[in-house]
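Chemist: Take this structure first; my questions come after.
The values are calculated or read from the model by the stated rules, or taken from the named source; none is laboratory data. Remember, it's a predicted structure, so these values are computed and weren't measured experimentally. Here the Cβ positions follow ideal geometry from the backbone for every residue, glycine too, while neighbour counts run over all protein chains shown. All accessible areas refer to the heavy atoms of the entire protein, side chains included, with ligands and DNA or RNA removed. Shrake-Rupley method; radii C 1.70, N 1.55, O 1.52, S 1.80 Å.
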Amino acid sequence: TQGKPEADNRLHVTMFLFDHTPAFDVNKVEQISAALDGQVLPTCRVLFEQLVRGKGTTLLLPNERLEGVFGLQARLAELLGRKDLNAASYWRFTPHMTLRRGASGGDTLAVDPVSWTAQEIVLLDSHIGLTHYEEIARWRLKGKSQ
């Protein structure tokens with residue numbers, strides 16, 4: 001497989017995506033903090049069992065719907081929506097982890113399960129086109145695992 005592997009510190013599952021702006025708005029950070037601070041959000045199990053090599057990326061995907069992950073994402077969307085913070089109009093939540101960017105094959109392989117319990121939500125500013133993420137804030141997940 002060709003392409004550039006993602007660094008360990010860049011591996012993540014995107015739970016919510018805002019419209020892209022040239023610079024991350026400080027007011028939006030305050031709104032997000034107001035929406036999430038003090039909330040009890042559940043930990044959840046993440047489980048990927050497929051390696052998909054597609055056009056330009058290599059991804060890990062689940063075999064089945066991850067109910068806990070979808071539940072956490074729905075709760076995030078609900079809390080953010082209360083502050084009029086909505087996902088980008090073009091975005092659809094599809095749990096995956098990008099492992100490699102650039103040229104790749106075009107097949108799907110079963111892999112040994114890659115699994116963990118998500119313990120926190122991290123707000124990142126993604127510098128589009130630069131493959132660079134800047135950490136803005138973190139929230140521990142405290143609720144009962146789903």
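Chemist: Looking at the range 98-120, which of its residues are in a loop (DSSP other than H, G, I, E, B) and modelled with pLDDT of 90 or more?
Modeler: The one that is in a loop (DSSP other than H, G, I, E, B) and modelled with pLDDT of 90 or more: Gln119.
Chemist: Of the conditions (1) farther than 14 Å from Met15 by Cβ; (2) part of a loop (DSSP other than H, G, I, E, B); (3) of a type in the set (A, V, I, L, M), Ala88 satisfies every one except a single condition; which number is it?
Modeler: (1)
Chemist: Can you name the residue in the range 121-141 that is open to solvent by 70 Å² or more (accessible area, probe 1.4 Å) and at pLDDT 90 or above and is also farthest from Gly68 (Cα to Cα) among such residues?
Modeler: Arg138
Chemist: Here is a follow-up. Cβ contacts < 8 Å: first residue under 16 Å from Glu64 (Cα atoms), restricted to the range 95-116; second residue at pLDDT below 85 and open to solvent by 50 Å² or more (accessible area, probe 1.4 Å), any location; separation 6+ or different chain. Result?
Modeler: Met97/Leu11; Met97/His12
Chemist: Return the pairs, sorted by first residue and then second, in which the second residue is aromatic (Phe, Trp, Tyr) and open to solvent by 10 Å² or more (accessible area, probe 1.4 Å), the first residue lies in the range 56-76 and is in contact (Cβ under 8 Å) with a residue 40 or more places away in the chain, the beta carbons are less than 6 Å apart, and the residues are 6+ apart or on different chains.
Modeler: Short answer, once both residue conditions are applied: Gln73/Phe93; Leu76/Phe16.
Chemist: Right, here's the next one. Step by step: first the residues of the range 55-73, then only those that are within 13 Å of the chain's Cα centre (by Cα) and assigned to a helix (DSSP H, G or I), then the one that is surrounded by the fewest Cβ atoms within 10 Å (Cβ to Cβ). Which residue is that?
Modeler: Ranking the qualifying residues of the range 55-73, first place goes to Phe70.
Chemist: Here's another thing I want to ask about it. Starting from residues that are surrounded by 11 or more Cβ atoms within 10 Å (Cβ to Cβ) and more than 17 Å from the chain's Cα centre (by Cα), keep the ones in the range 1-24 and report whichever is modelled with the highest pLDDT.
Modeler: If we take residues in the range 1-24 being surrounded by 11 or more Cβ atoms within 10 Å (Cβ to Cβ) and more than 17 Å from the chain's Cα centre (by Cα), then Phe24 is modelled with the highest pLDDT.
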